[in-house]
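Peer 1: Can you keep this structure in mind? I'll have questions shortly.
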Amino acid sequence: MTSEKQAKASHRGIPSSNEFREFIASGWATPDREPTPRAAVADHAARRRAMLSQQFPGERLVIPAGGLKVRSNDTDYPFRPHTAFAHLAGLGAHTDPDSALVLDPKPGGGHHAILYFRPLAPRDSEEFYADSRHGEFWVGPRPSIADRESELGISARHIDSLADDLAKDAAAARMRVVRTVDPRLTELVDSVRTQAGATGSEQEREEADTEFARHLSTMRLIKDEWEVGEMRKAVAATHKGFDAMIASLPEAVRKGRGERWVEGIFGLYSRHEGNGVGYESICASGDHANTIHWTKNTGEVRDGDLILIDCGIEIDSLFTADITRTLPVTGRFTDVQRRIYDAVYEAQQAGLAAVKPGNKFSDIHAAANAVIARILHEWGLLPEGVTLEQTLDREKGGWHRRWMVHGTSHHLGMDVHDCQLMLREKYMDSELQPGMILTVEPGLYFKADDLRVPAEFRGIGVRIEDDVLVTEDGCENLSAAMPRTSQEVEEWMARVWANA
Ligand SMILES: [Mn+2]
């Protein structure tokens, strides 16, 4: 509802005489704008809101988009709306900061959806020319109330009326807010509830809010047809970015600080194809691949290295891919690199085979891990005397996890770690259902200073990650067009370089 306050700069002067204000407000052509067409996502968002409405009958639900966060002085971080807001409003990257969606209970049941936001200020306002954070002269136009209403098919109101609207009949309706998004709006809801004499303690009300946030997160578990389509676009864009990174590898080697060069190439594609990167890109060459989330990307890319690249493009609807490929910088795996790569590939195949309705989410990890454990056992890396059965024992085993400390899968969608607020037991023990989208990403990590592995293994890290859709009878690998076997990867790289 309100962005973070920026420090005031006192050295800037804008004329403020009445003569100037009249002058700058006049002499502009009348805007000749068509009403914003209804968005393709509008019907899907309406269905999501109807589902939410059924779960919280009679309650007033407040879902903030969030506001601008100060980076330093008078500069802000790029704005990205809260995912629950984007999902339920049907807005994406073009959301205005300080927006909020309210589901207001109707007397006869159901809810009335209202988008609160800061519409475009008229040209005779001071905001137009003097507000460097919101003014049209500074940051460009915003939609009008009518624009948003026609785009989304819901009511829209000025954000300044939110406080009064929330206070109206506040005693009659229980109210919930997603607490973590907009501190000032949370504060407002808290004070309205207290003044209205809401039942329960403050702590109980906060717990009810937390449960609400969890419900919103869980709602995104099954993707509708439109969402699956968006995921396909995100994956296709990410594929293009990978092609470009492969093309850039020789230059990355030559230039030095090659990890940043590769990261930058992907960043270019992410901004051109979509809204940006879905998460900080991991461009990890050589031993850096053994840092699971290596996002510093300060290293060299050297001939003879494997470079592990884990990145995804977030498209304008905010759906993101999350794909990892591990590539030999020269275009050819060495024998030992191939051996380790093929082991991870085999584990990934086992994980993919476990993605089908009826199986549990945790079965994917179990299947991939069984392969990892078996191969590490065959390679003689488990401690002397530890059997395969022992290491696979959930309570007392786990030696093989030294070389793969992360999980194999997570849900994916508008957040790279989608549905993150689900309770852990529910997340892990849930049965896979058609419409879920998740990653399958086993890895093996042999750090340069790992004295428990043969010297030739040290400094090699491999992860392979794909994005899969659970179908009626198994799964569809949405990123199947991106080569995965060691031989296909080599052919892919040769093809990209031949066309470069
Ligand atoms: Mn991932």
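The values are calculated or read from the model by the stated rules, or taken from the named source; none is laboratory data. Since we're looking at a predicted model, the values are computed, not measured. Reconstructed Cβ throughout: ideal geometry from the backbone, glycine too, with neighbour counts over all protein chains shown.
Peer 1: Scan region 171-185 residue by residue and report those that are in contact with a helix residue (DSSP H, G or I) (Cβ under 6 Å, 6 or more places away or on another chain) and either outside any loop (DSSP other than H, G, I, E, B) or surrounded by fewer than 22 Cβ atoms within 10 Å (Cβ to Cβ) (or both).
Peer 2: MET175, ARG176, VAL177, ARG179
Let's see how each residue does on (1) surrounded by 16 or more Cβ atoms within 10 Å (Cβ to Cβ); (2) among the basic types (Lys, Arg); (3) free of Cβ contacts under 8 Å to residues at least 40 places away in the same chain; (4) assigned by TED's automatic domain parsing to the domain that holds GLN337:
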| residue | (1), (2), (3), (4) |
| --- | --- |
| GLY443 | yes, no, no, yes |
| ARG452 | no, yes, no, yes |
| VAL462 | yes, no, no, yes |
| ASP467 | yes, no, no, yes |
| GLU472 | no, no, no, yes |
| ALA480 | no, no, yes, yes |
| GLU490 | yes, no, no, yes |
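Peer 1: Another question, then. Sort out which residues of region 319-351 are of a type in the set (A, V, I, L, M, F, W, C) and either surrounded by fewer than 20 Cβ atoms within 10 Å (Cβ to Cβ) or at pLDDT below 95 (or both), and write them in order of number.
Peer 2: VAL336
Peer 1: Need the failing condition index for ALA354 against (1) crowded, with 21+ Cβ neighbours inside 10 Å; (2) within 23 Å of ALA448 (Cβ to Cβ); (3) more than 16 Å from the ligand (Cβ to nearest atom), just the number.
Peer 2: Here ALA354 meets the rest and fails (2).
Peer 1: Still on this structure: May I ask you to list the residues in region 402-425 that are away from the ligand (no atom under 16 Å from the Cβ) and either more than 30 Å from ARG214 (Cα to Cα) or touching a residue at least 40 places away in the same chain (Cβ under 8 Å) (or both)?
Peer 2: Answer for region 402-425, where residues must be away from the ligand (no atom under 16 Å from the Cβ) and either more than 30 Å from ARG214 (Cα to Cα) or touching a residue at least 40 places away in the same chain (Cβ under 8 Å) (or both): ARG402, TRP403, LEU421, MET422, LEU423.
Peer 1: Name the single residue that is farthest from ALA163 (Cα to Cα) among those in region 71-103 being at pLDDT 95 or above and among the β-branched types (Val, Ile, Thr).
Peer 2: Filtering region 71-103 for residues that are at pLDDT 95 or above and among the β-branched types (Val, Ile, Thr), the one farthest from ALA163 (Cα to Cα) comes out as THR83.
Peer 1: Any residue in region 15-41 that is under 18 Å from PRO119 (Cα atoms) sitting within a Cβ distance under 6 Å of a residue that is among the basic types (Lys, Arg)? List the pairs, counting only those 6 or more apart or interchain.
Peer 2: What qualifies is ALA25/ARG123.
Peer 1: Also, I was wondering about something else. May I ask you to list the residues in region 267-281 that are more than 17 Å from GLY92 (Cβ to Cβ) and surrounded by fewer than 23 Cβ atoms within 10 Å (Cβ to Cβ)?
Peer 2: Correct list: GLY267, LEU268, TYR269, GLU280.
Peer 1: Inside region 370-418, can you point out the residues that are under 23 Å from LEU438 (Cα atoms), buried (at least 19 other Cβ atoms within 10 Å of the Cβ) and not aliphatic (A, V, I, L, M)?
Peer 2: Result: TRP403, THR408, SER409, HIS410, HIS411, GLY413, ASP415, ASP418.
Peer 1: Let me ask something additional. So which of GLY286, GLY258 ends up being away from the ligand (no atom under 16 Å from the Cβ) and buried (at least 23 other Cβ atoms within 10 Å of the Cβ)?
Peer 2: On inspection, the qualifying residue turns out to be GLY258.
Peer 1: Across region 465-482, what is the total count of residues that are touching an Asp or Glu at 6+ places or on another chain (Cβ under 7 Å) and either more than 16 Å from the ligand (Cβ to nearest atom) or not in a loop (DSSP other than H, G, I, E, B) (or both)?
Peer 2: 5
Peer 1: Under the condition of being β-branched (Val, Ile, Thr) and in contact with a Lys or Arg (Cβ under 9 Å, 6 or more places away or on another chain), which residue from region 292-306 is nearest to the ligand (Cβ to nearest atom)?
Peer 2: Looking at residues that are β-branched (Val, Ile, Thr) and in contact with a Lys or Arg (Cβ under 9 Å, 6 or more places away or on another chain), I get ILE292.
Peer 1: Can you pull out the residues in region 96-127 that are surrounded by 21 or more Cβ atoms within 10 Å (Cβ to Cβ) and either in a loop (DSSP other than H, G, I, E, B) or basic (Lys, Arg) (or both)?
Peer 2: PRO97, ASP98
Peer 1: Hey, among the residues in region 381-396 that are free of Cβ contacts under 8 Å to residues at least 60 places away in the same chain and under 23 Å from GLN349 (Cβ atoms), which one's farthest from the ligand (Cβ to nearest atom)?
Peer 2: GLU389
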